[in-house]
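Peer 1: Here you go, one structure.
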């Protein structure tokens, strides 16, 4: 089967990268179309490494990069030429998201041809203004609601099938005007073996690099942006340090442009709260840590939470998006609207609860193995092919 993924940003989405790699190994011909501008940071973005490897063809579209919104404005002339070829040569065109320029264009193009519509699948990890309501800038939520009401609700009707990552997203999908008869819940997956056995040499190198001895390690993994709230991680860590807890906090991730967050750290805590930058040794970092703290907003089905669960690591995260599909009833971790400090402190104090959470997490995440999840996506692709 010939399959083309349309990735909306310079950074290849993790599910696209994983599915492309799995299906290429199974003998399918896979392409990934994505916007490209060298000003957008992708240096340590692991998913980008899959393009043009393992029989996966990358189709970069020259773009202008608008850093405040992290949007790529594609060269529409080049995009039009490539979209025509993609629909002519592929059995399935799987588009991620409905509000990026690179995603909207092929949806509109497919609208004018019934055969192309039957090839099209649209996936979204959330609905801005519904499942995710950012406070800043103030105009973003009303702007997205207007966009959804007058335009996206039309886009939702174009593809034969839409998917989202979790049951928790269904109420927001209904409010956003998605035709529920065509919406399917298919989560992203995870390679469990990557987190069961880590690279011992890399693990020891990290331990030495960050001078970890007998401290409890709090880990944050994500882009250093307002949406991910690294300032909350810093605040909680400094409160714990002031209370005398023997901890070390490591923040893994890059900032878009300058990183303003180190300025928030008090001089006496400089060696206790550390920015590691963008890194690829995530399984080893998870092995090094005692818990994952993710106070972010606007999550779909956060990959780093899935990875932490696979590593048997307790999670304290925001009750956002499809995270409740992963963590529920405090069996696999803690989901909070606020009050992160209390849950982190509880995990630092209670070893028995830690043991139970680790066991439950590793058991539940087995449902999300890529061996299972990739088959669900393939069933959609074959369905699209037979319905032309």
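Computed from the coordinates by the stated procedures, all read-outs in this text should not be read as laboratory data. Only a predicted model underlies this, so the values are computations on that prediction, with no experimental measurement involved. Glycine also receives a Cβ, built like all others from the backbone with ideal geometry; neighbour counts cover every protein chain displayed.
Peer 1: What is the ratio of the Cα radius of gyration of segment 67-215 to 2.2 N^0.38 Å, where N is its residue count, to two decimals? Can you show the working numbers first?
Peer 2: On the way: Rg = 20.1 Å, N = 149, 2.2 N^0.38 = 14.7 Å.
Relative to the rule-of-thumb radius for its length, segment 67-215 sits at 1.37.
Peer 1: Roughly what angle does helix 76-89 make with the longest principal axis of the chain, taking Cα atoms, 0 to 90 degrees, to the nearest 10?
Peer 2: The angle comes out at about 70 degrees.
Peer 1: If we count other beta carbons within 10 Å of each Cβ, what is the order of 94, 229, 191, 256, fewest first?
Peer 2: The most exposed by this proxy come first: 256, 191, 229, 94.
Peer 1: Can you tell which of 235, 135, 366 shows the greatest fluctuation in a Gaussian network model of the chain with Cα springs below 10 Å?
Peer 2: Fluctuation is largest for 135.
Peer 1: Rounded, prolate or oblate: which fits segment 200-288, taking a ≥ b ≥ c as square roots of the Cα gyration tensor eigenvalues, rounded meaning a/c under 1.5, else prolate when a/b beats b/c?
Peer 2: oblate
Peer 1: Quick one: which of 283-293, 205-215 comes out on top by average Cβ neighbours within 10 Å, and what's the full order, highest first?
Peer 2: Numbers: 283-293: 22.7, 205-215: 12.5.
Descending mean neighbour count gives 283-293, 205-215.
Peer 1: I would also like to ask the following. Give me the angle, in degrees from 0 to 90, between the Cα long axis of helix 370-386 and the longest principal axis of the Cα atoms of the chain, rounded to the nearest 10.
Peer 2: 10
Peer 1: On to the next question. Segment 78-157 to segment 247-264: how many Å between their Cα centroids?
Peer 2: So the two Cα centres are separated by 33 Å.
Peer 1: Could you tell me how many degrees, from 0 to 90 and to the nearest 10, lie between the Cα long axis of helix 230-242 and the main elongation axis, the longest principal axis, of the Cα atoms of the chain?
Peer 2: 10
Peer 1: A further question on this structure: In a GNM of the chain with a 10 Å cut-off on Cα contacts, which of 113, 371, 269 has the highest mean-square fluctuation?
Peer 2: 113
Peer 1: Length gain on complete extension for the stretch residue 205 to residue 174, per 0.36 nm per residue less the alpha carbon to alpha carbon distance?
Peer 2: 6.3 nm
Peer 1: Mind running the shape call on segment 330-382? Use the C-alpha gyration tensor, a ≥ b ≥ c as the square roots of the eigenvalues: rounded below 1.5 for a/c, prolate if a/b tops b/c, oblate otherwise.
Peer 2: Here segment 330-382 falls in the oblate category.
Peer 1: Another question, if that's okay. What would the Debye formula give as log10 I(q)/I(0) at q = 0.12 Å⁻¹ for the alpha-carbon point model of segment 193-366, no solvent?
Peer 2: Listed by q, the Debye log ratios stand at -0.49.
Peer 1: Something else about it: Where both partners of a DSSP beta bridge lie in segment 7-148, what percent of those bridges are antiparallel, to the nearest 5?
Peer 2: Here the antiparallel bridges make up roughly 25 percent for segment 7-148.
Peer 1: Along each of the three principal axes of the Cα atoms of the chain, give the extent in whole Å, ordering the values from largest to smallest.
Peer 2: Taking the Cα atoms of the chain, the three principal extents are 65, 44, 39 Å.
Peer 1: Nearest 5 is fine: what % of DSSP beta bridges in the chain come out antiparallel, could you say?
Peer 2: 10
Peer 1: Need the full-extension length gain, residue 346 to residue 214, defined as separation in residues times 0.36 nm minus the C-alpha distance. One decimal, nm. Before the final figure, lay out the partial values.
Peer 2: Numbers: separation 132, 0.36 × 132 = 47.52 nm, distance 1.84 nm.
Going from the current span to full extension adds 45.7 nm.
Peer 1: If you don't mind, there's one more thing I want to ask. Which of 303, 189, 257 ends up with the largest GNM mean-square fluctuation for the chain, with Cα atoms connected below 10 Å?
Peer 2: Between 303, 189, 257, it is 257 that shows the largest mean-square fluctuation.
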